[in-house]
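Student: First the structure, then my questions, so here it is.
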Amino acid sequence: MEVFNAFIVSIASVWNDSGFAAFTGGNAIMIIVGFVLLYLAFVKEFEPLLLAPIAFGCIMANFPKTGFFEDPGVMLAIHYGITNEIFPPLIFLGVGAMTDFGPLIANPSTILLGAAAQFGVFISLAGAMMLGFDVKEAAAIGIIGGADGPTAIYLTIKLAPHLLGAIAVAAYSYMSLVPLIQPPVMALFTTQKEREVVMEQLRPVTKFERLVFPVVCTIVISLLLPPVASLIGMLMLGNLFRESGVTDRLSDTAQNALINIVTIFLALGTGMTMSAHDFLNVKTLLIICLGLIAFIGGTAAGVIFGKIMYAVTGGKVNPLIGSAGVSAVPMAARVSQIVGQKYKPGNFLLMHAMGPNVAGVIGTAVAAGTMLAMLS
Amino acid sequence: MSGPVEANEVILMGHPVTTNPFIIMLINMTVVFAVLIGLSFMICLIHVVDPTKKAEEKPTAAPTPAAAPVAAAPVADNSVVIAVISAAVAAYGYSAANIIAIRPAGNAVWKNAGRMAGIQNSVN
């Protein structure tokens, strides 16, 4: 009898210590959400590099009693990297090393398209304030419209850390849905004639320009907006590695091994913020809706500004490149290329769209820096 | 002058400025445009002061008139390029005897295909 009692008590103890005892309906819902995200990543191939670790993090975040964020270990280290703004600048280092700034330098007027596309950020900011979010929360929500995951995480941690999960997921989800969200908006705001514009070949950019631009850009923006100095500095350092021609090993590491490692940590850590307790509420739904409005608003503003440039230049600018002003690099530029080719086969807009696309990255960082300067 | 601060009050230099979302939006958009327009001017300035600009333009402009009378065979020594292309072809199991001609592509398809491949599977 004594053996039987000990056995029962042990079993009960194991059960009480298990995750099943504390498992809630909310956890189950979020694990299903994780499955859906995995499906989108693996079957639909919506940015699987980002969505797969986010989805798996979401599933893991909903196992009760794991103590991931209390006990020292890899999960706490990953969480530390996110909450202390370590990962976003490292991602920017890789983005800088992967990105050709040449199209922007060759055609600096396209920088205006990157600025115009930030309109979505501020539309969403105003909308969020009207829906009852405080100004810091609204700013963090608005930055989703910039379509720049690292910047969104960076700003949210500083202004509204309690909203990190919802904002990061909305930002990365919409980034992965760029090929679905943008084309209808681009078609809505442009005419057939505008979509068929073939743009002139870009002028060659000298190595001097490629080297001086990142340095000058870092100095000016860092002095003007110190809160985003680490983001802009790392972006430009990565680009210098790429362009210098004598730091190939560093460039290779930044654009391959390092960015892949940091992406795993950042995306997994983002998914780990999606616990049912923090995620399943009305605010999350509002944030996801506002994020979509911000994204559509940014795309529309970029395209409309593209139309203005089309008119001003006498039809030399294809307004479709305006949508690349949202900074999802290089997905947004790729969408401009694909949509442009759909309406005029053989029309190569890719390099022209990379100008606003790069400007969008810088513009979103500037928008974040402006909001940090005003609000923090 | 400054009364009790509201939750949504934007405070600059210690002074509450506004709670109006549209004014906040306007201020931010103005700053973003100003900074990016400033950057575009800087790009133009870098182009203007670029000391390597002329040095690079001259060699491309000069050979054109000189090349016209010769017209026939290209005189540039492309032996290194030919060797590299031959090695790359050999790596796929073909011998140098299979190579009939090596000449620049007549259109930009390969170049654009290379650019497209270069932007696949990247993350931001």
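Student: Given only helices, namely DSSP H runs of n ≥ 4 each adding -39500 (n - 2.57), what is the per-residue ellipticity at 222 nm of chain A, to the nearest 500 deg cm²/dmol?
Tutor: Values: 22 runs with 271 residues, N = 376.
Roughly -22500 deg cm²/dmol at 222 nm, from the helical runs in chain A.
Student: Springs between alpha-carbon atoms under 10 Å, Gaussian network over chain A: tell me which of A:Gly57, A:Gly132, A:Gly34 tops the mean-square fluctuations.
Tutor: A:Gly132
Student: Can you give me the distance in nm between label points at A:Thr24 and A:Glu70, each placed 7 Å from the Cα along the Cα-to-Cβ direction?
Tutor: 1.5 nm
Student: How high is the relative contact order of the stretch A:239-365, given as a whole-number percent (alpha carbon pairs under 8 Å, six or more residues apart)? Each step should come with its number before you reach the end.
Tutor: Details: 117 pairs, mean separation 19.7, N = 127.
Averaging sequence separation for qualifying contacts and normalising by length gives 15 percent for the stretch A:239-365.
Student: Sequence gap at least 6, Cα distance under 8 Å: using those rules, report the relative contact order of chain A to the nearest whole percent. Walk me through the numbers before you get to the answer.
Tutor: Numbers: 712 pairs, mean separation 109.8, N = 376.
So the answer I get is 29 percent.
Student: I need the helices of chain A that pass two filters: whole DSSP H segments spanning 30 Å or more by Cα along the axis, and mean Kyte-Doolittle score no lower than -0.5.
Tutor: A:282-312, A:350-375
Student: Can you bin the stretch A:86-375 into rounded, prolate or oblate? Criterion: square roots of the alpha carbon gyration tensor eigenvalues sorted a ≥ b ≥ c, rounded for a/c under 1.5, prolate for a/b above b/c, oblate for the rest.
Tutor: Details: a/c = 1.72, a/b = 1.17, b/c = 1.47.
Oblate is the answer for the stretch A:86-375, as a/c is 1.5 or above yet b/c matches or exceeds a/b.
Student: Roughly how many Å is it from the Cα centre of the stretch A:8-33 to that of the stretch A:187-219, as a whole number?
Tutor: Result: 55 Å between the Cα centres.
Student: A 30 angstrom limit on the alpha carbon distance is what I want to check against. Which of A:Lys44/A:Lys207; A:Lys344/B:Lys111; A:Lys44/A:Lys307; A:Lys207/B:Lys111 exceed it? Kindly include the intermediate steps, with their values, before the conclusion.
Tutor: Working: A:Lys44/A:Lys207 40 Å; A:Lys344/B:Lys111 19 Å; A:Lys44/A:Lys307 33 Å; A:Lys207/B:Lys111 20 Å.
Pairs exceeding the cut-off: A:Lys44/A:Lys207; A:Lys44/A:Lys307.
Student: State the percent of C-alpha pairs, over all pairs in the stretch A:142-254, separated by a distance greater than 17 angstrom. Numbers along the way, then the final one.
Tutor: Working: 4499 of 6328 pairs.
The answer is 71 percent, as a whole percent.
Student: Return the long-range amide H neighbours of B:Thr18 (sequence gap of 5 or more, or a different chain), with a cut-off of under 5 Å between placed amide H atoms.
Tutor: HN-HN under 5 Å from B:Thr18: B:Val10.
Student: Looking only at GluC sites (Glu not before Pro) in DSSP loops with at most 14 other Cβ atoms within 10 Å, what is the longest site-free stretch of chain A? Before the final figure, lay out each step's value.
Tutor: On the way: sites that count: A:Glu45, A:Glu70, A:Glu196, A:Glu200.
So the longest stretch without any such site is A:201-376.
Student: Under a point spin-label approximation (7 Å from Cα along Cα-to-Cβ), what is the B:Lys111-B:Ala87 distance to one decimal in nm?
Tutor: The two pseudo-label positions are separated by 2.5 nm.
Student: What is the distance, in nm, between label points placed 7 Å from the Cα along the Cα-to-Cβ direction at A:Ser13 and at B:Thr52?
Tutor: 7.2 nm
Student: Moving to a separate point now. Quick check: the distance between the Cα centres of the stretch A:77-155 and the stretch A:253-312, to the nearest angstrom?
Tutor: With the stretch A:77-155 and the stretch A:253-312 each reduced to a Cα centre, they are spaced 8 Å.
Student: Give the residue list of trypsin sites (Lys or Arg not before Pro) in the stretch A:269-376 that are DSSP loop and have at most 13 other beta-carbon atoms within 10 angstrom. Intermediate results must be reported in sequence, preceding the final value.
Tutor: Values: sites: A:Lys283, A:Lys307, A:Lys316, A:Arg334, A:Lys342; in loops: A:Lys316.
Those satisfying the criteria are A:Lys316.
Student: Once you sort the root eigenvalues of the Cα gyration tensor of the stretch A:239-375 as a ≥ b ≥ c, which label holds: rounded (a/c under 1.5), prolate (a/b larger than b/c) or oblate (the other case)? Let's see the in-between values first.
Tutor: Details: a/c = 1.90, a/b = 1.19, b/c = 1.59.
The shape class here is oblate.
FYI, it's all coordinate maths here, none of it is from the lab. A quick note: this is a predicted structure, and the numbers were derived from the prediction, not measured. Note that each Cβ is placed from the backbone with ideal geometry, even for glycine, and that neighbours are counted across all protein chains shown.
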